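The values are calculated or read from the model by the stated rules, or taken from the named source; none is laboratory data. Being a predicted model, the structure only gives us computed values, none of them experimental. Using ideal geometry, Cβ is built from the backbone for each residue, glycine included, and neighbour counts are taken over all protein chains shown. Accessible surface areas use protein heavy atoms only, side chains included; no ligands, DNA or RNA. Shrake-Rupley method; radii C 1.70, N 1.55, O 1.52, S 1.80 Å.
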Amino acid sequence: MANQADPEAEFQNELRVFENDVDEVVQCFYIWRTVHAAARKSRRVYDLLNRNAGFWVVALGSIQANSLIALGRIFDNSRDSHNIGRLLKLIEKNPSIFSKAALRKRKENDLANALRLVDNVMKDVKEPTASDFKWLNEFVEKRRKIYGKCYKQIRDKRYAHKQRMDISAFVAQTNTRELAKLVTDLSNLHGILWHWYRNGVKPQTVRLRKTAGADIVKMTQKFVRSLP
């Protein structure tokens, strides 16, 4: 557990927790979507799933559940849990984590034998401003609204409160393109925070990736093709 008296250590811990939750969402969502896409495109895959329907219903249902549960952890508002709100509040209360002095110290530790390189890196680094924190909060709030519009309700009814609900409701009530963008945005947010912390790159200037799950899609497609 991070030392609560050390904001930087706490930030590192919270960022690591966020990364793990995002990775779980990315893997679960793209595995689920890729298997279903393969079944729609290939009669062989469709017949294979039908022949082993019991297994695939449980397997894909569990994957769906994990994606919603992990999303719920990310957007949870509880004060005593690890979530994106807690991470942002920690950042706002401790802007010195992203100061030039703090970054220089980290870079000097990483590049102890290349201090000239540190000087070059630091030339373009800017101190954090109120607009940086405002941008992050607005970025997260837009995604929180998307999550709350549909996915939170399904997660709460089906998994948090264990109400009887057919898992097909997940498919019926969601827009997979919208969910894919939400998942990718969360993955991008981790990259934004990591680059700000490690390289002093302002949040607004980080180039966002197009798709978070490209490697998962390739891996899942390869697995599906290997099935007899």
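In table form, for the structure just shown:
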| read-out | value |
| --- | --- |
| Residue that is nearest to residue 95 (Cα to Cα), among those in the stretch 105-153 that are of a type in the set (Gly, Ala, Ser) and assigned to a helix (DSSP H, G or I) | 130 |
| Answer from 117, 87 - the residue that is surrounded by fewer than 17 Cβ atoms within 10 Å (Cβ to Cβ) and under 21 Å from residue 196 (Cα atoms) | 117 |
| Some residue of the stretch 36-46 being closer than 16 Å to residue 224 by Cα and not in a helix (DSSP H, G or I) | yes |
| Of all residues in the stretch 1-14 being acidic (Asp, Glu) and part of a helix (DSSP H, G or I), the one that is least open to solvent (accessible area, probe 1.4 Å) | 14 |
| Selection from the stretch 124-139 of residues that are more than 17 Å from residue 195 (Cα to Cα) and among the aliphatic types (A, V, I, L, M) | 130 |
| Looking only at the stretch 190-228, and only at residues there that are of a type outside the set (D, E, K, R), closer than 23 Å to residue 83 by Cβ and not in a helix (DSSP H, G or I), the one that is modelled with the highest pLDDT | 213 |
| Number of the condition not met by residue 67 [criteria: (1) crowded, with 18+ Cβ neighbours inside 10 Å; (2) of a type in the set (Gly, Ala, Ser); (3) at pLDDT 90 or above] | (3) |
| Qualifying position, being open to solvent by less than 30 Å² (accessible area, probe 1.4 Å) and under 30 Å from residue 195 (Cβ atoms), among 17, 26 | 26 |
| Identity of the residue in the stretch 128-155, of a type in the set (Val, Ile, Thr) and crowded, with 16+ Cβ neighbours inside 10 Å, that ends up modelled with the highest pLDDT | 140 |
| Residue in the stretch 42-64 that is surrounded by 15 or more Cβ atoms within 10 Å (Cβ to Cβ) and touching a Cys at 6+ places or on another chain (Cβ under 8 Å) present | yes |
